[in-house]
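Note sheet for the following structure.
The values are calculated or read from the model by the stated rules, or taken from the named source; none is laboratory data. Predicted model, so just to flag it, every value in this text is computed and none were measured. Ideal geometry is used to build each Cβ from the backbone, glycine not excepted, and the neighbour counts take in all protein chains shown. When the accessible area is computed, the model is the full protein with side chains, heavy atoms only, and any ligands, DNA or RNA have been set aside. Shrake-Rupley method; radii C 1.70, N 1.55, O 1.52, S 1.80 Å.
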Amino acid sequence: ALPQDTPQRIQSYSEALEAQQRHRLSLQQAIRGATQRGEMSLAFQPKISLETQEIIGAEALLRWHHPELGHISPADFIPLAEASGDILAIGDWVLEETMQYIVSWRKQGLLNDHFHVAVNVAARQLTRRDFAKRLLERLAGYGIPERFFALEVTESGLMSDMQNARIQLAQLARMNVAVAIDDFGTGHSSLAYIKTLPFSTLKIDRAFVMDIENNPVDRQLAVMITQLAHAVGCDVVAEGIETPAQAAYLHAIGCEAAQGYYYARPLPANDFIDWCNHWTPEPSPLTAMELV
Ligand code: C2E
Ligand code: MG
Ligand code: MG
Ligand code: MG
């Protein structure tokens, strides 16, 4: 028989919901102004070429350290900031901060010409009519050549205002700002927009990578996603690589680049630069044939 909900259980359930609701609200309030209070920072995770093992770029990932609650995951606070609209100010801060790092790293001669830094962009930001224009003006203001900068957008980010997203992305693509579609395969996928939107990169979500060694279905899906990307002229970055075998398999199927704890966790800027300076490209110890 199905368990019966007693009034008491219902009450404690609604109390739990209420507590959760309060927690969300207080987080949402705490987000406002967190950048000005210096509670937010960026971490950088390297992207590695599976062919040459060279560092091809980095992804900037937002970090929030709340004075009392400690570290709060972007997976928890980004959706709240999207809902409240605070993501617009936070997103601006992320763009600004990233550009300042790029300027300073270039001054120190740390970035070669093939290195880009990618920033995640929320749906809400892409609904702005002047998103691309402002971004390009800001890059110009810092004297950063467009190719050093890239964006990552999720499928849901595109769906919310497809028409405008298309205009903004086309404007960026014309100016050589690479745009990646993030977490591919986990959202409300429509093959139509991969064909019609000007992406340069498709990121295979970690969900398809984590069991790749044991799960033949995941291996097939990774092959299909990679072929699909190549068919529409995109290159492929795999997320969440944690083992050399995963890297070897993805390399074997033609995936161009990878990111993951196997190489490096997202690191604070200084640690990231140290990491880059110590990285020596070495071919993967496993040959592809051991896996396929
Ligand atoms: P994402 O853009 O797909 O970023 C990849 C996430 O996977 C990051 O989580 C990264 O730390 C994590 N990751 C990387 N390699 C591995 C691995 O080998 N194993 C595992 N288990 N995880 C790995 P993070 O930093 O917690 O960010 C979560 C999500 O929050 C991001 O997913 C992105 O959608 C969003 N986010 C982060 N920063 C920003 C931002 O500045 N703006 C916006 N709009 N969203 C952001
Ligand atoms: Mg991303
Ligand atoms: Mg992703
Ligand atoms: Mg992901």
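Please verify whether the range 101-114 includes one or more residues that are surrounded by fewer than 16 Cβ atoms within 10 Å (Cβ to Cβ), at pLDDT 95 or above and in contact with an Asp or Glu (Cβ under 8 Å, 6 or more places away or on another chain).
no
Just to be sure before I move on: is GLU137 open to solvent by 60 Å² or more (accessible area, probe 1.4 Å), assigned to a helix (DSSP H, G or I) and either over 24 Å from GLN259 (Cβ atoms) or modelled with pLDDT of 95 or more (or both) in the structure I sent? I'd like the intermediate steps shown before the answer.
Numbers: open to solvent by 60 Å² or more (accessible area, probe 1.4 Å): yes; assigned to a helix (DSSP H, G or I): yes; either over 24 Å from GLN259 (Cβ atoms) or modelled with pLDDT of 95 or more (or both): yes.
Yes.
When you look at ILE72, is it within 15 Å of ligand 2 (Cβ to nearest atom) and either closer than 21 Å to LYS47 by Cβ or in contact (Cβ under 8 Å) with a residue 40 or more places away in the chain (or both), yes or no?
Working: within 15 Å of ligand 2 (Cβ to nearest atom): no; either closer than 21 Å to LYS47 by Cβ or in contact (Cβ under 8 Å) with a residue 40 or more places away in the chain (or both): yes.
Against the criterion (within 15 Å of ligand 2 (Cβ to nearest atom) and either closer than 21 Å to LYS47 by Cβ or in contact (Cβ under 8 Å) with a residue 40 or more places away in the chain (or both)), ILE72 does not qualify.
Within the range 237-245, identify whether any single residue is modelled with pLDDT of 95 or more, more than 16 Å from ligand 3 (Cβ to nearest atom) and crowded, with 16+ Cβ neighbours inside 10 Å, and answer yes or no.
Residues of the range 237-245 that are modelled with pLDDT of 95 or more, as a first pass: 237-245.
Among the residues that remain, those that are also more than 16 Å from ligand 3 (Cβ to nearest atom) are: 243-245.
Those left that are additionally crowded, with 16+ Cβ neighbours inside 10 Å: 243, 245.
Yes.
When you check VAL153 against the structure, is it among the β-branched types (Val, Ile, Thr), open to solvent by less than 30 Å² (accessible area, probe 1.4 Å), within 16 Å of ligand 3 (Cβ to nearest atom) and in contact with a helix residue (DSSP H, G or I) (Cβ under 6 Å, 6 or more places away or on another chain), yes or no? Full working, then the answer.
Numbers: among the β-branched types (Val, Ile, Thr): yes; open to solvent by less than 30 Å² (accessible area, probe 1.4 Å): yes; within 16 Å of ligand 3 (Cβ to nearest atom): yes; in contact with a helix residue (DSSP H, G or I) (Cβ under 6 Å, 6 or more places away or on another chain): no.
Criteria not met by VAL153.
Among all residue pairs at least 6 apart or on different chains, which show Cβ distances below 6 Å where the first residue, located in the range 237-256, is under 13 Å from GLN227 (Cα atoms) and the second is of a type in the set (Asp, Glu) and open to solvent by 40 Å² or more (accessible area, probe 1.4 Å)?
Listed by first residue and then by second, the contacts come to GLU256/ASP235.
Restricting attention to the range 41-67, report how many residues are in contact with a strand residue (DSSP E or B) (Cβ under 6 Å, 6 or more places away or on another chain), assigned to a loop (DSSP other than H, G, I, E, B) and of a type in the set (Val, Ile, Thr).
The total comes to 0.
What are the pairs with Cβ atoms under 6 angstrom where one residue, in the range 49-63, is under 17 Å from LEU111 (Cβ atoms) and among the acidic types (Asp, Glu) and the other, located anywhere, is away from ligand 3 (no atom under 16 Å from the Cβ) and open to solvent by 10 Å² or more (accessible area, probe 1.4 Å)? Sequence gap at least six, or different chains.
GLU54/PRO281
What's the number of the only condition in (1) polar (S, T, N, Q); (2) more than 30 Å from GLU282 (Cα to Cα); (3) surrounded by 18 or more Cβ atoms within 10 Å (Cβ to Cβ) that GLN45 fails to meet?
If we test GLN45 against (1) polar (S, T, N, Q); (2) more than 30 Å from GLU282 (Cα to Cα); (3) surrounded by 18 or more Cβ atoms within 10 Å (Cβ to Cβ), just (2) comes out false.
Could you tell me how many of the residues in the range 253-277 are modelled with pLDDT of 95 or more, exposed (fewer than 15 other Cβ atoms within 10 Å of the Cβ) and closer than 17 Å to GLY109 by Cβ?
2
Does GLU242 satisfy the criteria of being under 17 Å from the mean Cα position of the chain (by Cα) and farther than 30 Å from GLN100 by Cβ?
Details: under 17 Å from the mean Cα position of the chain (by Cα): yes; farther than 30 Å from GLN100 by Cβ: yes.
Yes.
Which of the residues spanning the range 146-164 are touching a Leu at 6+ places or on another chain (Cβ under 8 Å) and not in a helix (DSSP H, G or I)? It would help to see each step written out before you state the result.
Within the range 146-164, the first condition is being touching a Leu at 6+ places or on another chain (Cβ under 8 Å), and the residues that meet it are 146, 148-149, 151, 153, 157-158, 160-161, 164.
Once the filter is applied, which keeps residues that are touching a Leu at 6+ places or on another chain (Cβ under 8 Å) and not in a helix (DSSP H, G or I), the range 146-164 yields PHE149, LEU151, VAL153, SER160, ASP161.
How many residues are part of a helix (DSSP H, G or I), open to solvent by 10 Å² or more (accessible area, probe 1.4 Å) and out of contact with any strand residue (DSSP E or B) (no Cβ under 8 Å at 6 or more places or on another chain) when one looks only at the range 165-205?
9
Just give me the residues in the range 68-85 being assigned to a loop (DSSP other than H, G, I, E, B) and modelled with pLDDT of 95 or more, in sequence order.
Taking the range 68-85 as the starting set, the residues that turn out to be assigned to a loop (DSSP other than H, G, I, E, B) are 68-69, 73, 85.
Listed by number, the list holds a single entry, SER73.
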